[in-house]
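Here the structure comes first, spelled out in structure tokens, and everything after it is commentary.
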Amino acid sequence: FTPDHICDFMSKAVGVNKNSRVLDPCCGSGAFLVRAMTDAMDDCDTEEEREEVKKNQIFGIEYEEGAFGLSSTNMLIHGDGNSNVVQDSMFKRAKWIAENNISIVLMNPPYNATKKCCDPDYTKGWDAKKKEDPSKGLHFVEWVARHVPSTCKMAVLLPMQAAIGNSGDVKTFKKKMLDNYTLDAVFSLPTEMFYPGAAAVACCMIFDLSQKHEKANKETFFGYYKDDKFIKRKGLGRVERTDADGNSLWNKTEEIWLNLYKNKKVVPGLSVMHRASWKDEWLAEAYMETDYSTLVAEDFQKTINDYLSYLVKEGHIYEA
């Protein structure tokens with residue numbers, strides 16, 4: 001499931017407000033829906049507006065029964081905004097999605113979905129040996145993009161493999177996306193973001209659905225947002241760090257990340273602008289300049305230690 005602070009960042013990045021109609025078609029535990037509902041209600045001026053948000057502006061779909069129970073409960077706990085959360089395959093809900101005039105999509109699709117969870121129109125072309133989604137979640141994104149209005153903005157979490165695009169299906173769907181929509185931004189997120197759960201390394205992509213990428217004729221913002229100021233704690237997962245005065249380091253970091261993206265600022269070591277195509281890697285690491293002035297001896301030592309640990313783990317060496 002997506003960490004709460006990453007949900008918060010993505011909701012703010014696409015500007016969820018009291019007028020937003022938000023869909024998460026793979027809503028899992030409901031973290032995106034809760035965050036979107038909270039952000040929208042914070043923007044409201046009256047109790048009537050807040051009730052409208054809860055009852056008519058938050059939409060979720062979840063395929064798996066257990067996760068659906070979690071999302072429904074989560075929404076109830078946070079203000080009874082679960083009236084438009086349904087258990088179903090998103091691929092069976094095209095008409096329902098279209099009828100609800102969605103303006104923002106927040107989603108974290110499954111990265112290795114089995115055939116039964118994927119789009120039947122897509123899987124019928126798989127060979128018999130193919131068991132998991134070769135698009136690494138991109139076909140979920142492309143399907144949703146086709147079924148929401150062109151005025152919609154999408155913020156999606158996908159694995160690094162989808163951004164690098166070194167397989168046939170990933171490249172196919174990257175091309176489909178840019179043939180029809182604009183890649184506005186990609187954020188490289190913390191390596192161990194899902195710890196202690198999944199080991200996937202994820203990035204956030206933001207798409208503007210109003211026009212094809214080439215016609216938009218603009219550079220994509222790439223953020224190297226790997227340090228969220230969280231730290232691993234045994235038995236607790238990743239926990240938020242504070243400064244000497246007890247202030248959240250994440251809050252300061254999020255403010256910096258949003259400011260760079262909203263104003264399209266280039267800062268060595270943090271962000272870069274690049275005119276990307278479907279053939280390119282969609283990652284800041286591919287284009288970013290290194291700010292060598294910030295490097296210290298400890299950085300080199302850490303890299304050496306990490307590499308040594310990798311060699312031991314993979315069985316290439318047996319002692320250090």
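The values are calculated or read from the model by the stated rules, or taken from the named source; none is laboratory data. What you see is a predicted model, and the numbers here were worked out from it, not measured in a lab. Cβ placement follows ideal geometry from the backbone for every residue including glycine, while neighbour counts extend to all protein chains displayed. Surface accessibility is based on the protein's heavy atoms, side chains included, excluding ligands, DNA and RNA. Shrake-Rupley method; radii C 1.70, N 1.55, O 1.52, S 1.80 Å.
General observations
- Charge tally around Val14: other residues with Cβ under 13 Å, Lys/Arg +1 each, Asp/Glu -1 each, net 0.
- Check: the stretch 23-178 dipole with +1 on Lys, Arg Cβ and -1 on Asp, Glu Cβ, in debye: 1220 debye
- Accessible solvent surface per residue of the chain, calculated while the other protein chains remain in place, 1.4 angstrom probe, Å²: 51 Å²
- Förster radius 35 Å - calculated FRET efficiency between Ala94 and Glu47, Cβ distance, rounded to 0.05: 0.55
- Cross-link reach is defined here as a Cα-Cα straight distance under 16 Å, omitting same-chain residues fewer than 8 places apart; for Lys171 the aspartates and glutamates meeting it are Asp133, Glu142, Asp179, Asp280, Glu281.
- Rounded to the nearest 0.05, the FRET efficiency derived from the C-beta distance between Thr191 and Trp126 at R0 = 22 Å is 0.10.
- Subset of Lys18/Lys232; Lys18/Lys174; Lys12/Lys55; Lys174/Lys232; Lys153/Lys229 violating a 24 Å alpha-carbon distance limit: Lys18/Lys232; Lys18/Lys174; Lys174/Lys232; Lys153/Lys229
- Most to least packed among 31-40, 255-264, 84-93, 15-24 [average Cβ atoms within 10 Å]: 31-40, 15-24, 84-93, 255-264
- For the residue pairs Lys136/Lys212; Lys115/Lys136; Lys212/Lys264; Lys116/Lys136; Lys136/Lys175, the alpha carbons lie more than 18 Å apart in Lys136/Lys212; Lys212/Lys264.
- Gain on full stretching of the segment that runs from Lys232 to Val296 - 0.36 nm per residue minus C-alpha separation: 20.8 nm
- Length-normalised contact order of the chain in % [C-alpha pairs under 8 Å, at least 6 apart]: 13 percent
- Proximal lysines to Lys234, defined as alpha-carbon separation beneath 26 angstrom and excluding residues fewer than eight positions away on the same chain: Lys226, Lys252, Lys302, Lys313
- Glu289 - accessible surface, heavy atoms, 1.4 Å probe, Å² rounded to 10: 130 Å²
- Label separation (Asn217 vs Ala286): 2.4 nm, computed from points 7 Å beyond Cα along the C-beta direction.
- Environment charge of Asn247, counting only residues whose C-beta is closer than 13 Å and scoring Lys/Arg +1, Asp/Glu -1: -2
- Extension gain, Asn247-Glu65: 0.36 nm per intervening residue step, less the Cα-Cα distance, totals 61.6 nm.
- Carbon-plus-sulfur accessible fraction, the chain (probe radius 1.4 Å, protein heavy atoms only): 50%.
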